[in-house]
Amino acid sequence: MNEMIKIETLTGAQCLVDCLLQQEVDQCFLVPGESYLAVLDALTDAPQIELTVCRQEGGAAMMAEAYGKLTGRPGICMVTRGPGATNASAGLHIARQDATPMILFVGQVARDMREREAFQEIDYRRMFGQVAKWVAEVDSPQRMSEMVSRAFHVAMSGRPGPVVLALPEDMLVEPTDAIPPKLAVARPAVAAPTGTDLQVLLAKLATASNPMIVVGGGAWTDKARQDLQTFASDWAVPVAASFRCQDFFDNTHPCYAGDAGIGINPSLAARIRSADLLILLGTRFSEMESSGYNLIQIPKPEQDLIHVYPDPEEIGRVYAPALGIAAPAAETVAALLECGPPTDEPGERRAYVATCNTDYHAWASLPEGQGDLAMAEVMGHLKDVLPDDAIVTNGAGNYTVWVHRFLNYRQFRTQLAPISGSMGYGLPAAVAAARTWPGRQVVCFAGDGCFLMHGQELATAVKYNADLNVIVVNNGMYGTIRMHQERNYPGRVSATDLVNPDFAMLAESYGCTGETVTRTEQFAAAWDRACAYSGPSLIELRVDPELITPTQTIQGLRHASQKQ
Ligand SMILES: Cc1ncc(C[n+]2csc(CCOP(=O)(O)OP(=O)(O)O)c2C)c(N)n1
């Protein structure tokens, strides 16, 4: 008697979920769509993958990006065709500029409908060509394993970044008996500096009198932070953080020289300019770090420049370095440490390092509080009470100056902030942080403009009872743009004022706790109540719009610009 041989088959969607499980994916941020129903269905059989169902794809993509920053593994985002993909592009761009591993899965029209501009059809290769590291369509379930494996490798390798995989609807329901083979969790191949490179770097460092390291970019780790701290102490070299990479180095470490970002400490800028040896460690030293490409001459720097970057094509792109090392910063620091401490104690440089550190502390000390609600005192209070491992998130706006300049970042991944300068990032990033690392305190700062770009993700925070504290700094305007207006077109206010909801009431209507703070002395108690609450809370700070930066007023800016 012939025995029936049962051939196991999986659909394309089931293959995809199988591949994600093999990669130990534990979180997926999504907005559902009918174009990938089969994946949603397959996910019901994979409870190991927690779903965070978001309210807008931009928020979902930002959450996935923040997950990538937090874990070093690709953040997974799933969205529907054209409308979903276009919304998600906001988060994809952050992953690009911030060098964060991320994979965006997008529904696609059925294979036999392609190229007709079918419903919501988009050519993702053309659309995301410049932003993603790799864009592809999975044309058959048989190739799912290969494509997903490649997506993970590409997202994490070299300069990490986003990958887009489109999923034709009919492919997702097609059965295949080509079951995905069991693959190991993807680990990117890691380049290492050569022995000669290391010796050249150390020889230059041994003889430099005022060197500077600027650390930044992607693919950093907590071990790398500790290694760099040891290396900086051993070799007596000051370390500055690049824009929004302040948690790459303990800000209380005696070798910390501050951050090279927007509104750089002028004395740090001067030290970078006059450094005899400048080591760019993982950072591209792009427009924001370089004060608009003004700190290093292009293409021939005056400093003896060493550029360490994981992608060889970035080295020499803007600055022609004396030495380029095409390896990740983390591996380079580990290899440098293995070379041992300097044979001669760099005693003369210790005073120079101390001066850099003193300059940083002077710059980071809070100014005199101004107005009925003094941001300086709010920040001073938070600086005192926030635990060292609190995760602080923000988007873009003048309020971020308070967050960047006056808070201490001590441990790696305590700062989630878009190097890309994207407004609206703070809240989705905070939701992702609370979902990824429950138990850590998560604080989201947002301006009134910034908050409402992705404020609807408060509903997501409530849905998952994400324990996070939002602080909305409300000055009734797009303050940064107003500041630039007053500098460039003094007194001519255009398109920068805002009419806002009552943020505390808005938060309460979502199911959060909400409070409005109008006076300095109200803040500490409001903060205690927010922290005591288990779940999302929001405090709106109504600040004086005239106080446009920690040290400048609108009138002051206007008068200064009118005199020019
Ligand atoms: C998505 C996005 N849109 C526009 C901008 C340009 N932009 C930068 S800061 C800013 C204003 C931010 O306003 P708000 O959040 O209220 O903060 P404030 O500057 O008032 O402190 C704008 C519009 C941007 N960076 N990102």
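Rg and Dmax of segment 360-409 over Cα atoms: what are they, in angstrom?
Using the Cα atoms of segment 360-409, the pair Rg, Dmax is 11.0, 31 Å.
Per residue of the chain, what 222 nm ellipticity follows from adding -39500 (n - 2.57) for every DSSP H run with n ≥ 4, rounded to the nearest 500?
That calculation yields -11500 deg cm²/dmol at 222 nm.
How many percent of DSSP beta bridges within the chain run antiparallel, rounded to 5?
5
Taking only the alpha-carbon atoms of segment 330-370, what semi-axes of the equivalent ellipsoid follow from 5 times the gyration tensor eigenvalues under a square root, in whole Å, largest first?
Equivalent-ellipsoid dimensions as semi-axes: 33, 16, 4 Å.
In segment 367-407, which residues have a backbone nitrogen under 18 Å from the label point lying 7 Å from residue 544's Cα in the Cα-to-Cβ direction?
Hits in segment 367-407 for residue 544 at 18 Å: 367-380, 399, 402.
With the crude spin-label approximation of a point 7 Å out along Cα→Cβ, what separation in nm comes out for residue 339 versus residue 385?
Between residue 339 and residue 385, the simple spin-label model gives 4.7 nm.
In nm, to one decimal, how far is the residue 200 label point from the residue 317 one, both placed 7 Å along Cα→Cβ?
2.1
Report ³J(HN,Hα) in whole Hz for each residue of segment 163-180, in order, from the Karplus equation J = 6.51 cos²θ - 1.76 cosθ + 1.60 where θ = phi - 60°; Gly and Pro get x.
10, 10, 10, 8, 10, x, 4, 6, 5, 5, 9, 6, x, 9, 9, 7, 5, x
Determine, at each q value in 0.09 (inverse angstroms), the log₁₀ of I(q)/I(0) that the Debye formula gives when each Cα of the chain is one equal point scatterer.
-0.71
Return the equivalent ellipsoid semi-axes of segment 179-337 as a descending list in whole Å, where each equals the square root of 5 times an eigenvalue of the C-alpha gyration tensor.
They are 26, 17, 17 Å, listed largest first.
Starting from the exponent 0.38 and prefactor 2.2 Å, build the expected Rg for segment 376-481 from its residue count and divide its actual Cα Rg by it.
Taking N as the residue count of segment 376-481, the ratio is 0.99.
Can you give the accessible area of residue 197 in Å² (nearest 10), computed on protein heavy atoms with a 1.4 Å probe?
For residue 197, solvent-accessible area is about 30 Å².
Which pairs break 31 Å Cα to Cα here: 133/223; 223/463; 223/383; 182/463; 300/563?
Check vs 31 Å cut-off fails for 223/463; 182/463; 300/563.
Sort 93, 253 by heavy-atom solvent-accessible area, probe 1.4 angstrom, most to least.
Most to least solvent-accessible, the answer reads 93, 253.
For segment 416-564, what size does the Cα cloud have along each of its three principal axes, sorted from largest down, in whole Å?
Sorted largest first, the three principal extents are 53, 35, 24 Å.
Under 5 Å between amide hydrogens, which residues at least 5 positions from residue 470 or on another chain qualify, with H placed 1.01 Å from N in the peptide plane?
The answer is 444, 537, 538, 539.
Would you work out which of 470, 163, 554 lies farthest towards the positive end of the dipole of the chain? Charges go on Cβ: Lys and Arg +1, Asp and Glu -1.
The one lying farthest along the dipole's positive direction is 554.
Name the long-range amide H neighbours of residue 54: under 5 Å, sequence gap of 5 or more, or other chain; modelled H, no Pro or chain starts.
Amide H neighbours of residue 54: 30, 31.
Going 7 Å from the Cα of residue 50 along its beta-carbon direction, which residues of segment 432-458 have the amide nitrogen within less than 11 Å of the resulting point?
What the label zone holds, given the 11 Å backbone N cut-off, is 432-440.
Quick one: length gained pulling residue 495 to residue 362 fully straight, 0.36 nm per residue minus the C-alpha distance?
44.3 nm is the gain from fully extending residue 495 to residue 362.
For a Förster distance of 45 Å, can you work out the FRET efficiency between the beta-carbons of residue 532 and residue 484, rounded to the nearest 0.05?
Computed FRET efficiency for residue 532 and residue 484 comes out at 0.70.
Under 8 Å for C-alpha pairs, at least 6 residues apart: give me the relative contact order for the chain, rounded to a whole percent.
Computed value for the chain: 12 percent relative contact order.
Need one word for segment 39-112: rounded, prolate or oblate. Basis is the Cα gyration tensor (sqrt eigenvalues a ≥ b ≥ c); a/c below 1.5 gives rounded, then a/b vs b/c decides.
In terms of gyration-tensor shape, oblate.
Using r as the Cβ-Cβ distance of residue 287 and residue 192, and R0 as 30 Å, what FRET efficiency do you calculate, to the nearest 0.05?
Taking R0 as 30 Å, the efficiency between residue 287 and residue 192 is 0.50.
Order 52, 513, 343, 358, most accessible first, counting only protein heavy atoms with a 1.4 angstrom probe.
These residues rank, largest area first, as 343, 358, 513, 52.
Between residue 409 and residues 5 or more places away or on another chain, which pairs have amide H atoms under 5 Å apart, with H built 1.01 Å from N, and which residues are they?
251
Which value in nm describes the separation of the simple spin-label points at residue 185 and residue 221, placed 7 Å from the Cα toward the beta carbon?
1.2
What FRET efficiency comes out for the pair residue 8/residue 140, r = Cβ-Cβ distance, R0 = 25 Å, nearest 0.05?
0.90
Could you give each residue of segment 467-478 its phi-based ³J(HN,Hα) in whole Hz, using Karplus coefficients 6.51, -1.76, 1.60 with θ = phi - 60°, and x for Gly or Pro?
7, 8, 10, 9, 10, 9, 8, 9, 10, x, 7, 7
The values are calculated or read from the model by the stated rules, or taken from the named source; none is laboratory data. Given the structure is predicted, the values throughout are model-derived calculations rather than measurements. Every residue, glycine as well, gets a Cβ built from its backbone with ideal geometry; the counts of neighbours run over all protein chains shown. Heavy atoms of the whole protein, side chains included, go into the accessibility calculation; ligands, DNA and RNA do not. Shrake-Rupley method; radii C 1.70, N 1.55, O 1.52, S 1.80 Å.
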